[in-house]
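Here the structure comes first, spelled out in structure tokens, and everything after it is commentary.
The values are calculated or read from the model by the stated rules, or taken from the named source; none is laboratory data. What you are looking at is a predicted structure, and each value in this text was computed from that prediction instead of being measured. Using ideal geometry, Cβ is built from the backbone for each residue, glycine included, and neighbour counts are taken over all protein chains shown.
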Amino acid sequence: MEKLMVTVAEVAQMLGVCRNRVYELIYSGQLASVKMGRSRRIAVDELKRFVAASTEAAA
């Protein structure tokens, strides 16, 4: 079964950036996340939306 949500560390690895950059994206409102206890999770669909929007903006 495919994951529905991923951790900040997993997003950082997928995007090829550091975890701090992912937190910057979250706190700036560019990437939506859900707080679960003391950690944050990002929906895979949200990550795909963010990548698509970033790609369109760069073009």
**Request:** Return the total of residues in region 19-34 being more than 11 Å from Val8 (Cβ to Cβ) and either touching a residue at least 40 places away in the same chain (Cβ under 8 Å) or loosely packed, with under 13 Cβ neighbours inside 10 Å (or both).
**Result:** 5
**Item:** Sole exception among (1) touching a residue at least 40 places away in the same chain (Cβ under 8 Å); (2) exposed (fewer than 11 other Cβ atoms within 10 Å of the Cβ) for Met1, by number
**Value:** (1)
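Does Ala12 meet the test of being in contact with an Asp or Glu (Cβ under 8 Å, 6 or more places away or on another chain) and at pLDDT 95 or above? Steps first, answer last, please.
On the way: in contact with an Asp or Glu (Cβ under 8 Å, 6 or more places away or on another chain): no; at pLDDT 95 or above: yes.
For Ala12, the condition - in contact with an Asp or Glu (Cβ under 8 Å, 6 or more places away or on another chain) and at pLDDT 95 or above - is not met.
For residues that are of a type outside the set (Asp, Glu) and over 10 Å from the mean Cα position of the chain (by Cα), tally how many sit in region 22-59. So that I can check it myself, show each step before the final result.
Step one: filter region 22-59 for residues of a type outside the set (Asp, Glu), giving 22-23, 25-44, 47-55, 57-59.
Filter once more, keeping what is over 10 Å from the mean Cα position of the chain (by Cα): 27-29, 34-39, 52-55, 57-59.
Residues meeting the conditions: 16.
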**Request:** Give me the pairs, please: first residue somewhere in region 43-59 and closer than 13 Å to Leu15 by Cα, second residue anywhere and among the polar types (S, T, N, Q) and surrounded by 10 or more Cβ atoms within 10 Å (Cβ to Cβ), beta-carbon distance under 7 Å, and either six or more positions apart or on two chains.
**Result:** Phe50/Gln30
